[in-house]
Amino acid sequence: MNNKNPIRFCLTLTLLLAGCVAATSIQFDYQPREIRLQGEGAASGHALVLGQAYLQGYGDWVQIIITSVDEAKTFSQTQLRPTINFLVPAGKRSMNVRVLLGNEMKWKESADSQVAVELQEGLVYQLKAREATDIRGIEGVDLWVEQLGTIPEYEYFLKQNPDYKQGQPLTRGEMTGLP
């Protein structure tokens with residue numbers, strides 16, 4: 001009997017359990033990072049775009065990560081703690097987004113999907129995705145962007161909700177208290 005398989009299984013199980021314990025605090029960086037685009041002045045206003053990275057069940061991940069904005073790369077698989085929230089210069093932007101839904105055994109992964117959006121200065125946007133099947137029966141992911149409110153409203157929400165686990169999706173109603 002090959003004794004490498006039990007060792008591999010134990011190592012995988014240990015890593016999986018360690019990931020479950022620290023799912024939203026260690027593996028990702030939720031502090032917004034400013035993106036500088038070529039040809040954009042430093043004085044231009046920014047919008048905050050929130051990605052997602054959280055466990056929705058035991059070993060069941062949701063990861064929605066911006067990999068680039070226009071031509072500026074924002075993600076590297078070799079980065080230890082990838083950033084998922086970005087301050088993006090306002091205006092018409094094209095974002096490449098990678099969506100991973102599921103676990104090690106069965107991922108629903110999109111190739112980097114491109115989303116065109118017009119971002120307004122001082123507003124907060126949430127990337128959202130869901131599993132979908134196209135007309136040919138091919139499984140994939142639907143991706144969209146929702147406007148939630150203003151950056152000061154988001155900051156106030158974080159102060160009022162210290163137990164909110166960053167990386168989980170927000171709705172406009174949750175963030176602002178409005179319908």
In Å², nearest 10: area of Thr150 left accessible to a 1.4 Å probe: 50
Neighbour-limited loop hits for trypsin sites (Lys or Arg not before Pro), the range 140-179 (at most 14 other Cβ within 10 Å; DSSP other than H, G, I, E, B): Lys165
Sites Ala116 and Thr171 - FRET efficiency at Förster radius 30 Å, r taken between beta-carbons, to 0.05: 0.85
Fraction of alpha-carbon pairs over 19 Å apart in the range 128-179 - percent: 41
Of all accessible heavy-atom area on the range 46-160, the percent that carbon and sulfur account for (1.4 Å): 48
Residues of the range 121-179: accessible area per residue with a 1.4 Å probe, Å²: 64
Probe 1.4 Å, all protein chains present, accessible-area order of Leu178, Leu100, Leu80, Leu148, largest first: Leu80, Leu178, Leu100, Leu148
Virtual spin-label span in nm between Arg36 and Glu131, 7 Å along Cα→Cβ: 4.2
Solvent exposure ordering (accessible area, 1.4 Å, most first) of Arg93, Arg33: Arg33, Arg93
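The values are calculated or read from the model by the stated rules, or taken from the named source; none is laboratory data. Being a predicted model, the structure only gives us computed values, none of them experimental. Note that we place each Cβ from the backbone using ideal geometry, even for glycine, and neighbour counts take in every protein chain shown. Side chains included, ligands, DNA and RNA excluded: accessible areas come from the protein's heavy atoms. Shrake-Rupley method; radii C 1.70, N 1.55, O 1.52, S 1.80 Å.
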